[in-house]
Each structure stands twice: as C-alpha cells, then as structure tokens.
Amino acid sequence: MNTEIADILSSATGPQGPLPPLLPPLGRRPEVRPIGELLIEMGACTAEGLAEALGAQHLEAERVGETLVRLRHCTEWDVCRALARQYALPCVERAGVDSVDDELVEHLSMGFARSNSVLPFRLDRAEGLLSVYAGDPTRVLDLDDLGGIYDAELEVTLMPSGALGELINAVYSRRTKDVDLEKKEEEYDEQDEDILHASAEDAPIIRFVNGLIFNASKEKASDIHIEPGDREITVRNRVDGVLHEVKRAPKAHHPSIIARVKIMAGLNIAEKRLPQDGRIRRKIAGKEVDMRVATVPTAHGERVTIRLLDKSAMALTLEAIGVAPDHYRTIDEVIHRPHGIFLVTGPTGSGKTTTLYSCLARINRPDLNILTIEDPVEYQLAGISQVQIQPKIDLTFASGLRSFLRHDPDVIMVGEIRDLETAEIAIQASLTGHLVLSTIHTNDAATGITRLVDMGVQPFLVASSLVALQAQRLVRRVCPACARPYRPLASDLSDVGIDPERFFAGELALKAPLIDAEGLPMPIEPPAGRVAPPPGMLFEANASGCERCGSTGYSGRTGIYEVLQINEDIRRLAIRNADSSQIKQAAVAQGMRTLRDDGAHKILCGTTTIEEVLRVTAEEV
C-alpha cells in the first residue's frame with residue numbers, strides 16, 4: 001500500500017471513531033483499524049472512493065460510512081460487515097418479523113427503537129441474556145439503558161440501518177390494530193363547517209387517516225385512493241403500479257374522513273363542489289414523505305387521491321433506474337451537449353421526473369448554472385436552483401422559463417411542456433445556446449415530435465431544436481427471493497419479440513439486441529444482485545409470494561425505455577410533417593430499440609416477466 005493511500009486510511013476513523021469497551025468479543029478479537037481500511041480490504045470500496053468520501057464528509061456533518069453509502073461507493077451491508085469485524089460481533093443482512101418476540105417490544109416505544117436503531121428480539125430468562133439487533137454499536141450508553149430496561153446482559157447482532165428500520169416498522173405496525181369505524185345512523189350531509197371540524201378531529205378519524213398513510217408508506221405505495229360509493233367508502237393503494245383494495249369504511253364517516261385529509265392538506269373543508277389541490281409533509285417512520293392531495297366531486301361525494309413521494313427512496317442515477325448500456329451512452333452524450341432539447345415522454349406515473357433528476361445529477365457540477373421549474377419540486381438537488389410553479393400568482397412554466405433566460409443558465413429543466421407558449425420559449429432557449437430538459441405526455445418517442453407540431457410549433461423549429469426523445473414505462477420487478485423458473489410458451493415469447501427457436505437453443509434470441517460501443521451484440525447480463533434464469537427458461541412471479549415482497553410475487557419497479565436520437569433522416573421527416581408511425585419506422589430501421597424490445601431484454605435478464613411487459617406496452621405493428 002503506497003504512502004498516499006496509507007495517509008488516507010490513517011485519517012479514516014469513520015463513523016465509529018476509537019473503539020469503546022462495548023461487549024465481549026464473542027470468540028473473536030476486535031480489529032482496531034479504521035473502517036475505511038477494512039472496506040478496502042474487503043473489496044467493498046476503492047481508495048479513490050474513500051478519499052472522495054473523506055473530502056465530502058464534513059459538508060454533510062455525517063460519518064464516513066454514511067458518506068460512502070450516500071456516494072454509492074459501497075452499500076449499507078458492506079459498512080455493517082466492516083463494523084462487525086471492528087467489534088467482533090455477528091451480523092445479518094436482514095431478518096423477518098417472526099424472529100422478533102412481540103412481548104419484548106411492548107416494553108419499548110417505537111420512537112426509542114427508531115432513534116437509537118436498536119430492536120430486542122429474544123430474551124433468555126434462564127441465562128439473563130437479551131438478544132438485540134443494532135444498527136450502530138457505538139451507542140454504548142443507549143444499549144446499556146436497554147439492558148437496564150430488561151434487567152439482562154446484551155448480546156448484539158448488527159444489521160444495516162435501512163433493513164433494521166424496515167424491520168422496526170413491520171414489527172410495530174403488526175402490533176397496531178386497524179381502526180374499525182363503527183357504523184352510525186346519523187347522516188352528515190347537512191353538517192356545517194364547525195361540526196365537520198369537530199368530527200375530523202375525533203380520535204378514531206385521526207387514527208384511521210393516519211393509519212391509511214402509515215400503511216401506504218410501509219407498503220411503498222405511490223398513491224392512496226379514497227373512493228365514496230353508494231353505501232361505503234373504498235380505500236385502494238397503488239403499489240408498484242397496480243391498485244389493491246386495502247380497507248372499507250361506513251359511508252356515514254365519509255365527510256369526516258375527507259375533512260380530516262383536507263385539514264392536513266390546508267384545503268377548504270366547506271368547499272365540496274370544486275376540485276382542490278393541496279400538499280402534506282410528514283415524517284413517517286423516520287422518512288420524509290411529501291404527499292400531494294387532490295379532491296374531486298363525484299356522484300357519491302368527494303373523492304380524494306393522495307400521491308406519496310418518498311424522497312429517501314428516489315434513485316438518482318441512470319443505472320439505478322434500469323437504463324441499459326446502449327441507452328446510457330446515447331443519453332449521456334445528449335445531456336452533455338451545450339444546447340438542444342431532450343424530451344422524456346410517457347403517461348403519468350411512468351417515472352419521467354425521476355429520469356430528469358437522474359440526468360441532472362449526472363451533469364451537475366460547479367461550473368454549470370442549472371435552473372429548474374417544476375410542479376411540484378419533488379426532490380431537492382444540491383447546487384441547482386429549483387422553482388415551483390404558482391399559478392395563482394401567475395408563476396407558470398412559461399413565465400418562469402422566460403425569466404430564467406435572464407439568469408444566464410447553462411441547463412434548464414422544465415417540469416412539463418403543456419402549451420404552445422412553453423414549447424416556443426423552450427425552443428428559443430435551445431436555439432440560443434441552452435440545454436433544455438423536459439417532459440411531454442405521449443405514448444412513444446416518435447409521437448413527441450408530432451405532439452409539438454399539434455401544439456402549433458413550426459415543424460422546422462421542432463426539427464432544429466430537438467436532439468433526442470426518450471419514451472419510458474415502469475414494470476414490476478419479479479421478487480428475487482421467491483421467483484420461480486418456468487418454460488414459457490413459444491407464442492408468449494413471440495409476443496414480446498423473442499425468437500422461440502433461438503431462445504430454446506440457448507442463443508441470443510432478441511429481435512433487437514443491445515449493441516456495444518463497437519457495434520457488436522451484447523450478452524444478456526442480469527443487474528447486480530440478481531441471477532439469470534436457467535437456459536431455456538424464464539422467471540415468473542410466485543402467486544403466493546413471500547414476506548419480502550408482501551405476498552405479491554413482485555418487489556419494486558424498473559424502467560423500460562426507447563431512445564430516439566434525432567439524425568438527418570428523422571429531421572427531414574419532421575420538417576415534412578410526417579406522421580409518428582413513419583418517424584418510428586425510420587428510427588427502428590436505424591437501430592432504435594422499442595419499449596417492447598427493451599422489455600424483452602429485461603425478461604431474459606430475469607428482472608421482470610412477459611405479463612408485465614405486455615401490460616404496459618402497446619402492440620407494435
């Protein structure tokens with residue numbers, strides 16, 4: 001090890017600092033070495049990554065292990081394993097709810113468990129030994145307090161903080177019984193605002209609404225739908241893009257439930273005839289969650305939709321959101337251009353904003369002036385000036401974009417191009433030396449060109465300003481813990497563009513394979529942490545699921561993409577005002593992989609299933 005790296009390691013005391021006399025070594029000797037040195041020795045990070053983390057550590061007032069994880073130089077599990085070596089303690093990557101004795105947590109508040117990252121799970125009364133999961137072994141005094149509560153010696157097992165937080169949430173939510181609202185005979189239709197306020201602040205109503213939000217956050221739901229019917233209220237959560245019914249309540253409580261949500265969102269509870277929009281910010285189970293609330297009057301009363309934005313779960317790299325290597329090269333080249341427009345297309349909820357944030361995070365550096373105007377600002381990016389539109393005071397996409405041009409920007413992000421005025425200003429900005437990133441609602445990339453023309457933009461301006469368009473959808477990822485291999489039908493393979501004969505022969509069976517930088521087909525390689533299906537087989541979701549995926553067979557989502565780069569042929573078609581099908585055919589002929597082609601690649605990698613790709617993509621003719 002050279003002197004420079006040794007100097008770095010000697011200063012890397014990390015999140016742990018000097019080793020305190022904590023626990024007996026359990027048959028092993030602690031390793032009194034900096035955590036950075038241990039991580040490098042384990043192959044979990046590089047000396048360069050450690051140096052970058054040490055340089056950035058003081059900016060966030062965090063410990064070096066946390067900085068390494070934040071900068072994606074290693075994982076929480078890597079840091080946990082290094083801590084286990086430092087303190088000679090056992091460690092586990094995660095544990096199930098059934099491993100925890102419910103009687104033990106009755107004596108411990110959830111707040112104490114979360115704030116101290118500790119959870120007791122077994123008590124041996126004969127030996128006087130309390131087994132606990134801990135995320136941070138350096139908090140000696142807190143662990144001593146825990147031993148005093150149970151009058152037992154501690155046996156500590158380390159677990160990554162993120163996994164331990166999820167386990168704490170699951171354990172305590174299992175202990176919390178659902179609020180069951182009793183049916184009442186009285187009707188609320190004639191209630192005035194004062195009575196609504198009083199009923200909305202009634203403890204069962206508060207617990208009911210809070211329970212809806214907490215459970216939705218625990219399940220990683222993106223939306224909560226509170227839908228009134230003729231006789232009762234139905235609550236449905238959208239998890240991984242699919243709606244699931246989670247609760248029903250008596251219709252008599254509908255006004256109180258809606259009023260409670262409105263109070264939380266700062267809306268007018270007396271206004272029932274017009275749609276309203278609001279916002280709720282809450283810290284739920286230690287995570288900052290931003291919620292957008294929308295109400296609309298229906299035949300059976302007001303309906304409410306709450307969209308949950310978990311900022312801690314947002315991926316901000318193109319690799320993390322499932323962009324394939326060939327698409328990555330194209331996007332990376334586009335977003336490093338000095339001017340032009342890059343449009344991301346797709347329906348609501350397809351991850352367009354996350355893609356734009358990932359692009360901005362990729363190019364964000366001190367020598368660039370980056371401005372964004374959004375609705376809303378979903379994630380705050382350091383070093384970037386972000387503006388939220390305020391239509392009530394005439395701060396719109398168009399007016400904000402116009403003012404941006406007086407602030408000497410290099411890169412501008414517009415949340416969405418909705419009208420001709422915004423489109424024209426964005427085009428003028430791109431033609432005067434600015435890179436503009438934005439979204440537009442179309443079904444595929446080629447239709448984005450014709451959509452701008454339909455808005456009223458001249459075709460020659462569209463052709464000269466656009467540099468690329470990307471269409472995307474989100475598909476559910478099959479749970480790696482319970483996925484089952486199976487032999488697919490030849491007809492199903494053909495539906496997603498996989499050649500059945502070549503597939504069963506073990507060959508590269510994609511109609512449009514990934515192409516590397518030299519123009520050669522790339523092999524099928526699953527993403528990190530996953531395994532490819534056996535030859536001649538695919539993975540299917542287990543119908544009964546498992547604890548990790550909430551018995552759904554799917555865990556999380558990833559994107560499928562098509563990237564249309566504007567070249568001279570596409571530009572000529574745009575100027576001639578060709579329809580989207582002609583533009584798409586020309587792009588495919590030049591090597592563009594469609595949404596379904598990219599989905600086929602992720603099927604062969606074992607990331608998703610044929611059913612998922614067919615669910616979110618249209619048939620291609």
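Report, by residue number, each residue of region 405-447 that is open to solvent by less than 10 Å² (accessible area, probe 1.4 Å) and under 15 Å from Ser385 (Cα atoms). Of everything in region 405-447, those that are open to solvent by less than 10 Å² (accessible area, probe 1.4 Å) and under 15 Å from Ser385 (Cα atoms) turn out to be Pro409, Val411, Ile412, Met413, Val414, Val436, Leu437.
Listed here are the residues, each with its yes/no results for (1) in contact with a strand residue (DSSP E or B) (Cβ under 7 Å, 6 or more places away or on another chain); (2) closer than 28 Å to Gln380 by Cβ.
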{"position": "Glu416", "(1), (2)": "yes, yes"}
{"position": "Arg451", "(1), (2)": "yes, no"}
{"position": "Met455", "(1), (2)": "no, no"}
{"position": "Leu461", "(1), (2)": "no, no"}
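Those residues that are part of a helix (DSSP H, G or I) and in contact (Cβ under 8 Å) with a residue 60 or more places away in the chain, I need them from region 458-469; list them, please. Those that are part of a helix (DSSP H, G or I) and in contact (Cβ under 8 Å) with a residue 60 or more places away in the chain: Pro459, Phe460, Val462, Ala463, Ser464, Ser465. Just one residue in the set Leu167, Leu146 is open to solvent by less than 60 Å² (accessible area, probe 1.4 Å), assigned to a helix (DSSP H, G or I), at pLDDT below 85 and farther than 19 Å from Ala88 by Cα; that residue is Leu146.
Restricting Glu501, Glu507, Glu421 to those that are assigned to a loop (DSSP other than H, G, I, E, B) and among the acidic types (Asp, Glu) reduces the list to Glu507.
Exactly one residue out of Glu232, Glu245 is open to solvent by 30 Å² or more (accessible area, probe 1.4 Å), free of Cβ contacts under 8 Å to residues at least 12 places away in the same chain, of a type outside the set (A, V, I, L, M) and within 21 Å of Ala299 (Cα to Cα), and it is Glu245.
In region 53-112, of all residues being β-branched (Val, Ile, Thr) and in a loop (DSSP other than H, G, I, E, B), the one that is most open to solvent (accessible area, probe 1.4 Å) corresponds to Thr75.
Thr353 meets all of the listed conditions (1) of a type outside the set (Gly, Ala, Ser); (2) surrounded by fewer than 20 Cβ atoms within 10 Å (Cβ to Cβ); (3) under 29 Å from Asp444 (Cα atoms) but one, namely (2).
Considering (1) over 32 Å from the mean Cα position of the chain (by Cα); (2) under 25 Å from Asp597 (Cβ atoms), the lone condition that Gln472 does not fulfil carries the number (1).
Within region 470-511, the residues that satisfy the criterion of being in contact (Cβ under 8 Å) with a residue 40 or more places away in the chain and open to solvent by 70 Å² or more (accessible area, probe 1.4 Å) are Arg477, Arg484, Arg487, Asp495, Lys511.
Every condition in (1) within 19 Å of Ile280 (Cα to Cα); (2) open to solvent by 10 Å² or more (accessible area, probe 1.4 Å); (3) not β-branched (Val, Ile, Thr); (4) not in a strand (DSSP E or B) is met by Arg238 except one, and the failing one is (4). Considering only residues of region 332-347 that are surrounded by 18 or more Cβ atoms within 10 Å (Cβ to Cβ), in contact with a helix residue (DSSP H, G or I) (Cβ under 7 Å, 6 or more places away or on another chain) and not aromatic (Phe, Trp, Tyr), which is modelled with the lowest pLDDT? Per the criteria, the residue is Gly346. Strands (runs of 3 or more DSSP E) fully within region 307-393 that include at least 2 residues being within 30 Å of Leu520 (Cα to Cα) and touching a strand residue (DSSP E or B) at 6+ places or on another chain (Cβ under 9 Å): 340-345. Residues that are of a type in the set (A, V, I, L, M, F, W, C), touching a helix residue (DSSP H, G or I) at 6+ places or on another chain (Cβ under 6 Å) and surrounded by 18 or more Cβ atoms within 10 Å (Cβ to Cβ) within region 571-598 comprise Leu573, Ala574, Ile583, Ala586, listed in sequence order. Is it the case that some residue within region 275-286 is out of contact with any helix residue (DSSP H, G or I) (no Cβ under 9 Å at 6 or more places or on another chain) and modelled with pLDDT under 90? Among the residues of region 275-286, at least one is out of contact with any helix residue (DSSP H, G or I) (no Cβ under 9 Å at 6 or more places or on another chain) and modelled with pLDDT under 90, which makes the answer yes.
Considering region 264-277, the residues that are aliphatic (A, V, I, L, M) and either in a strand (DSSP E or B) or out of contact with any Leu (no Cβ under 9 Å at 6 or more places or on another chain) (or both) include one that is most open to solvent (accessible area, probe 1.4 Å), namely Leu274.
Residue-wise test of (1) at pLDDT 85 or above; (2) touching a helix residue (DSSP H, G or I) at 6+ places or on another chain (Cβ under 6 Å).
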position	(1), (2)
Val475	yes, yes
Cys482	yes, no
Arg487	yes, no
Leu514	yes, yes
Gly519	no, no
Cys549	no, no
Ser555	yes, no
Val563	yes, yes
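Here Ile284 clears all of (1) more than 22 Å from Glu227 (Cβ to Cβ); (2) out of contact with any Asp or Glu (no Cβ under 9 Å at 6 or more places or on another chain); (3) open to solvent by less than 50 Å² (accessible area, probe 1.4 Å) except the condition numbered (2).
Listed by position, the helices (runs of 4 or more DSSP H) enclosed by region 517-621 that each have at least 3 residues that are under 28 Å from Lys220 (Cα atoms) are 595-604, 610-616.
I'd like to check something: does region 544-560 contain any residue that is surrounded by fewer than 19 Cβ atoms within 10 Å (Cβ to Cβ) and in contact with a Lys or Arg (Cβ under 7 Å, 6 or more places away or on another chain)? For region 544-560, residues surrounded by fewer than 19 Cβ atoms within 10 Å (Cβ to Cβ) and in contact with a Lys or Arg (Cβ under 7 Å, 6 or more places away or on another chain): present.
A count restricted to region 428-457 and to residues that are in a helix (DSSP H, G or I), under 24 Å from Ser350 (Cβ atoms) and of a type outside the set (Lys, Arg) stands at 11.
Note on region 475-498: residues that are within 30 Å of Thr348 (Cβ to Cβ), more than 25 Å from the chain's Cα centre (by Cα) and either of a type in the set (Gly, Ala, Ser) or part of a strand (DSSP E or B) (or both) total 2.
The values are calculated or read from the model by the stated rules, or taken from the named source; none is laboratory data. Everything quoted here is computed from the prediction, not taken from an experiment. Glycine gets a Cβ as well: all are built from the backbone with ideal geometry, and neighbour counts include every protein chain shown. Areas reflect the complete protein model, heavy atoms only, side chains present, ligands, DNA and RNA absent. Shrake-Rupley method; radii C 1.70, N 1.55, O 1.52, S 1.80 Å.
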